[in-house]
Amino acid sequence: MTANWPAAGLGDTLVRVTELTAIAAEALVGRGDEQAADRAAALAMREALNDLKVRGRVVVGDPDVMEDYEYVLPDGFEFGSPDDPEADFALDPIEGVTIAAKAKANAIATIAAAPRGGFMAVPSIYMEKLAIGPGHDPGILDLDEPAGEIAIRLAASKGVDVSEITACVLDRPRHDKIIADLRRAGARVNLIGDGDVAAVIQTALPSSGVDLYAGEGGAAEGVLAAAALKCVGGAMQTRLVVRSNEDRRLASEIGLEDLQKRYSVDDLVTGPAVFTATGITRGTLLDGVTRSAAAFETFSLVMTSHDCVVRRIHSRIPRELLT
Ligand code: VTB
């Protein structure tokens, strides 16, 4: 364990960052403008980060790729005063910006912190991901095997029939083979529109009904999900997806040349971490922001790896505090 970690009480204060981000994002829910929603959320997150007593560096910045968009929290963004303790951050002001713009379920605001150098820097490209909850041999995961085989091995490890395994997969044509493999093996497939950070976390929460996550999503979201699993246990196997010379250039730019390399939770997040997420719209992991004339209510998850504590926090935040 790294001494003096979490820095500056981050375990207790980081949740305010995602609470304020989720409240700002909620104002743009259902308005059909992804860029406006992401910008409002990112501005709120940046402001909240500035109130933390840390000297922060964003290693994994806002992953939502949009044209003609000036990023508010890009990779490399630094904040805070040089006298404060150092911390690195991975963040996504709106994980599921499309679902937020459409007022659909499961958009969350999320951030993770680690000591300097604790997050692997990743290019803004896709990543293959397999994830399971704690208590199983990570060797169950193998990106080169059909997903159905993974489901069968996980079922054996859980002591259940494969028909009782539910795998969560992003509903995309690129996943047709994975979905077919899983169904052929007898597993159930829970298809989601967006939001694979929440899906990975769900594999580690027994009441979620999700046992396995499989598929290609953003690399940045892979690091965030790994930070969460670092706190709750569980395993991932991931690999960057290089589809073009531009993808290769982006990887090379940050020193990643071996593009076949598989990354585990410990590769993506090398030491301790703090992870928080607050629901923007109601979802399976978290409820969304609700409003009354006097206050906002938010629902968050706070997880700290040094003590493996998972907290669910329901906050009531008077409106006058936000003006
Ligand atoms: C992925 C996934 C995210 O968007 O990045 C996905 O990791 C984008 O996939 O959780 P497509 O390009 O196929 O839409 C999310 O689902 C939400 O940001």
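Since every read-out is calculated from the coordinates, none of them should be taken as a lab result. The structure presented is a predicted model; accordingly, all values stated were derived computationally and were not measured. Note that we place each Cβ from the backbone using ideal geometry, even for glycine, and neighbour counts take in every protein chain shown.
Take 218-224, 137-143 and order them by the average number of nearby Cβ atoms within 10 Å per residue, most first; the result is 218-224, 137-143. I need the shape label for the range 120-178. Rule: rounded when a/c is under 1.5, else prolate if a/b > b/c, else oblate, with a, b, c from the alpha carbon gyration tensor. Verdict is oblate for the range 120-178. What do you get for the angle between helix 147-158 and the principal long axis of the chain? Use alpha-carbon atoms, 0 to 90 degrees, nearest ten. Roughly 80 degrees between the two axes. With the largest listed first and rounded to whole Å, the semi-axes of the equivalent ellipsoid of the range 126-268 from the Cα gyration tensor are 24, 16, 13. Highest-first packing order for the peptide set 272-282, 116-126, 95-105, 30-40 is 272-282, 95-105, 116-126, 30-40, based on the mean count of other beta carbon atoms within 10 Å.
Relative to the longest principal axis of the Cα atoms of the chain, helix 176-185 runs at roughly 60 degrees. Mean residue ellipticity at 222 nm, helices only, the chain: -9000 deg cm²/dmol; runs of at least 4 DSSP H residues each add -39,500 (n - 2.57), and the sum is divided by the number of residues.
Eigenvalues of the alpha-carbon gyration tensor of the range 215-323, scaled by 5 and square-rooted, set the equivalent ellipsoid semi-axes at 34, 18, 12 angstrom, largest first. Shape class of the range 25-142 from the Cα gyration tensor (axes a ≥ b ≥ c, square roots of the eigenvalues): oblate, since a/c reaches 1.5 or more and a/b does not exceed b/c.
Output the 0 to 90 degree angle, nearest 10, between the alpha-carbon long axis of helix 34-50 and the longest principal axis computed from the alpha carbons of the chain. For 34-50 against the chain, the angle is about 60 degrees. From the Kirkwood radius over Cα pairs of the chain, Stokes-Einstein at 4 °C and 1.567 mPa s returns a whole-number translational diffusion coefficient of 66 µm²/s. Among the listed pairs Lys104/Lys129; Lys102/Lys261; Lys230/Lys261, those with a Cα-Cα distance over 27 Å are Lys102/Lys261.
Relative contact order of the chain: 21 percent, from C-alpha pairs under 8 Å at least 6 residues apart in sequence. For the pair the range 75-94 / the range 292-318, the C-alpha centres are spaced 21 Å from each other. The protection proxy used here, the mean number of other Cβ atoms lying within 10 Å of each residue, ranks peptides 235-242, 4-11 as follows, highest first: 235-242, 4-11.
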